[in-house]
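Each remark here refers to the structure printed beneath this line.
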Amino acid sequence: KLSGNDQFEGYGIDLIHEISQLVGFNYSFRLVPDGRYGGLNKETGEWDGMVRESLEQRADVAIGDLTITFDREKLRK
C-alpha cells in the first residue's frame with residue numbers, strides 16, 4: 001500500500017512535481033476533509049472542498065479535475 005505523496009498519481013501530480021523540481025520547493029498532498037472539489041452553497045454563501053481550503057488559507061494550491069464554473073470564475077476577480 002502506498003502512503004504519503006506516493007498514493008496520488010495523474011497529470012496534476014506529475015505537473016506539481018516537475019514545477020517543484022524547477023522552482024525548488026517542497027510539498028505534501030492531503031485530501032480535503034469534506035471530500036468535495038469546491039462548490040458554492042447559494043443559501044449560506046459559503047464554499048466547500050478545495051476552494052474553501054484555499055480561501056481559508058489552509059492550502060497554498062489545490063490540484064484536481066476542477067472545471068471553471070460561473071461562481072468559481074467570480075472568485076478570481
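The values are calculated or read from the model by the stated rules, or taken from the named source; none is laboratory data. Keep in mind the model is a prediction, meaning the values are calculated, not measured. Here the Cβ positions follow ideal geometry from the backbone for every residue, glycine too, while neighbour counts run over all protein chains shown.
Couple of notes before you dig in:
- Taking the criterion of being touching a helix residue (DSSP H, G or I) at 6+ places or on another chain (Cβ under 9 Å) and at pLDDT 90 or above, the residues of the stretch 1-29 that qualify are ILE13, HIS17, PHE25, ASN26, TYR27, SER28, PHE29.
- Within the stretch 64-77, considering residues that are in a loop (DSSP other than H, G, I, E, B) and of a type in the set (A, V, I, L, M), the one surrounded by the fewest Cβ atoms within 10 Å (Cβ to Cβ): ILE68
- Taking first residues from the stretch 1-30 that are without any contact (Cβ under 8 Å) to a residue 60 or more places away in the chain and closer than 15 Å to GLY64 by Cα and partners that are of a type in the set (S, T, N, Q) and loosely packed, with under 12 Cβ neighbours inside 10 Å, the Cβ contacts under 9 Å between residues at least 6 apart in sequence or on separate chains come to ASN5/SER28; PHE29/GLN7.
- Search result, residues across the stretch 35-63 that are assigned to a loop (DSSP other than H, G, I, E, B), surrounded by 13 or more Cβ atoms within 10 Å (Cβ to Cβ) and not β-branched (Val, Ile, Thr): ARG36, TYR37, GLY38, GLY39, ASP48, ALA59, ALA62
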